Amino acid sequence: MRSSCDRARPGTGQSPLTVQLFASTLALASTLTFARAADMPMPMKAPAAAPAYQWTGCYVGLNGGGGAAGSNFTTAVDPLGTHLPTPDDAAEVANDGTGSTNASSYLAGGQAGCNLQIGTLVFGLEGDFDYFHTNVFFSNNTNVLPSTGDPFVIGQSLKTDYLATVRPRFGIGVDRNFTYITGGVAFTRVHYAESYVDALNGGTLPGIGGATANKSLVGWVAGAGWEYGLADHVTFRLEYLFAKFGTTSASGAITDAAGGLNALHGSADLTVQVGRAGVNVKF
């Protein structure tokens, strides 16, 4: 017989079945936790922002558009000459040979330059050359000499061959947009001509005269524009320019078959306005 001391004491141990159930539960919980963690989506990285468009670099391109040339014409006639009968006749010819007009034409050409971007500020230097042929023509053909009532016609013209500029550019570059102002030196070549004809004494002693000059001109130019980056190495632009040049003068004479003569002087200034679009290749 066992003594009472040999009996198991309650609360001093766990049965094997209890330990096994506890271990199985713990293993199952660990497995489910791991499986759930494996099924959770991984955090996604935000895509890297695309780099801002850069305007630094050099470029070449083509442009085309339209422009207008305007001139103020003046005439002076020697009042002491021997063809026109009186000083009033000379004054009338000078008055009717003075006036303003303009003419428009297309232009086309190319440009090249370089830019430097610092933050949003863009500095550049550009040169361009455009074919620009205009003929600004002024004529007065409804006039009469005060002393005799005989008709006379006087006309002037100023033709341009081209327009070229060298200009710094300064503006703001925000990604693909570049807005700028510009100003510098402008160049052109002009052909000036003045003509005169009258029917003095009823056409029995007509007077004919003229004066011509060819001149290369240097002036100033200013304007503004907007340029857009179509691709990393291709840009599109719109631009307006205003150019101002000095005066072209010429001297000649009004003569007749009897040897009469009055000195004739003419002059014209020149302003040019152009609007054009262009495409550049940047490298």
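Sub-7 Å Cβ pairs linking a first residue in the range 88-104 that is touching a residue at least 40 places away in the same chain (Cβ under 8 Å) and assigned to a helix (DSSP H, G or I) to a second residue that is polar (S, T, N, Q) and surrounded by 17 or more Cβ atoms within 10 Å (Cβ to Cβ), at least 6 apart or interchain, are 90/262; 92/143; 93/75; 96/140; 96/143, ordered by first then second residue.
The residue pairs whose first member lies in the range 193-215 and is under 21 Å from residue 95 (Cα atoms), whose second member is surrounded by fewer than 15 Cβ atoms within 10 Å (Cβ to Cβ) and at pLDDT 95 or above, and whose beta carbons are closer than 6 Å, counting only pairs six or more residues apart or on different chains, are 193/212; 197/208; 211/251. Whether a residue is touching a Phe, Trp or Tyr at 6+ places or on another chain (Cβ under 6 Å), buried (at least 21 other Cβ atoms within 10 Å of the Cβ) and in contact (Cβ under 8 Å) with a residue 24 or more places away in the chain was assessed, and residue 156 passes this test.
In the range 258-274, the condition of being among the β-branched types (Val, Ile, Thr), crowded, with 18+ Cβ neighbours inside 10 Å and touching a strand residue (DSSP E or B) at 6+ places or on another chain (Cβ under 7 Å) is met by at least one residue.
Taken together, the residues in the range 124-139 that are of a type in the set (S, T, N, Q) and surrounded by fewer than 20 Cβ atoms within 10 Å (Cβ to Cβ) amount to 2.
Among the candidates 180, 162, the residue that is assigned to a strand (DSSP E or B), within 33 Å of the chain's Cα centre (by Cα), loosely packed, with under 15 Cβ neighbours inside 10 Å and at pLDDT 95 or above is uniquely 162.
Among all residues of the range 194-213, there is none that is within 28 Å of residue 111 (Cβ to Cβ), modelled with pLDDT of 95 or more and surrounded by 17 or more Cβ atoms within 10 Å (Cβ to Cβ). Just so you know, in the range 53-64 the residues that are assigned to a strand (DSSP E or B) and surrounded by fewer than 18 Cβ atoms within 10 Å (Cβ to Cβ) include one that is nearest to the chain's Cα centre (by Cα), and it is 64. Does residue 142 fit the bill of being at pLDDT below 95 and loosely packed, with under 15 Cβ neighbours inside 10 Å? In short, yes. Scanning the range 223-232 for any residue that is crowded, with 19+ Cβ neighbours inside 10 Å, among the charged types (D, E, K, R), at pLDDT 95 or above and not in a helix (DSSP H, G or I) turns up at least one such residue.
The values are calculated or read from the model by the stated rules, or taken from the named source; none is laboratory data. Keep in mind that what you see is a predicted model, and the values were worked out from it rather than measured. Backbone-built Cβ (ideal geometry, glycine too); neighbour counts: all protein chains shown.
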